[in-house]
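Contents: one structure, followed by commentary.
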Amino acid sequence: MSHDDLDLRWIIADTRLLVQNLFRNVEQTRNGIRGRRGGAPPAAKSAMEAVETFEVASSSQGDCAVCTDAMVMGEIGKKLPCGHCYHESCILPWLRTRNSCPLCRFQLQTDDAEYESKRRRE
């Protein structure tokens, strides 16, 4: 067996392992989408509705951490309970996928009873 044949066997073995891991990750992702997600659930609709809405009054409001654009005077913003402010059009889609502040990870209430029970125990 030549040196090139050994190299080719290692490449094939490594490629098979890589493909197996890839398929395993895809399957775990599919299971997570259909079943229980690995991360935090979305914020509860009631928690999102309770987030303070405001009109940006000055350019000193800062930047939105979701889109990184400046908060422009006259725009509608949302202020989370932790005090961080975002464009309404940025933070609401964010909260529909996860329940935490993008900057400090403050967690809003969710509708997931199991997750909330675990959170209270920690």
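With N residues in region 45-121, what two-decimal value do you get for its Cα radius of gyration over 2.2 N^0.38 Å?
Working: Rg = 13.2 Å, N = 77, 2.2 N^0.38 = 11.5 Å.
The value comes to 1.15.
For region 94-99, the Karplus equation 6.51 cos²θ - 1.76 cosθ + 1.60, evaluated at θ = phi - 60°, returns couplings of 4, 5, 6, 10, 8, 9 Hz by residue, with Gly and Pro reported as x. Close amide H partners of residue 106, meaning residues 5 or more places away or on another chain with modelled amide H under 5 Å apart, are 101.
Kindly state, to the nearest 0.05, the FRET efficiency for residue 9 paired with residue 117, given R0 = 35 Å and r defined as their beta-carbon distance. Numbers along the way, then the final one.
Working: r = 51 Å, r/R0 = 1.47.
According to the calculation, E is roughly 0.10.
Across region 81-90, computed HN-Hα scalar couplings (Karplus, 6.51 cos²θ - 1.76 cosθ + 1.60, θ = phi - 60°) run x, 6, x, 7, 10, 9, 5, 4, 6, 9 Hz from first to last residue, x flagging Gly and Pro. Evaluating 6.51 cos²θ - 1.76 cosθ + 1.60 at θ = phi - 60° for every residue in region 113-122, the Karplus couplings come out as 4, 5, 5, 5, 5, 5, 4, 5, 6, 7 Hz, glycine and proline recorded as x. Ranking 97, 61, 76 by Cα position along the charge dipole of region 45-121, where only Lys, Arg, Asp and Glu carry charges on their C-beta atoms, puts 97 farthest toward the positive end.
Bear in mind that the values in this text are calculations on the coordinates, not laboratory data. What you see is a predicted model; the values in this text were computed from it and never measured. Because the Cβ atoms are built from the backbone with ideal geometry, glycine has one as well, and the counts that use them run over all protein chains shown.
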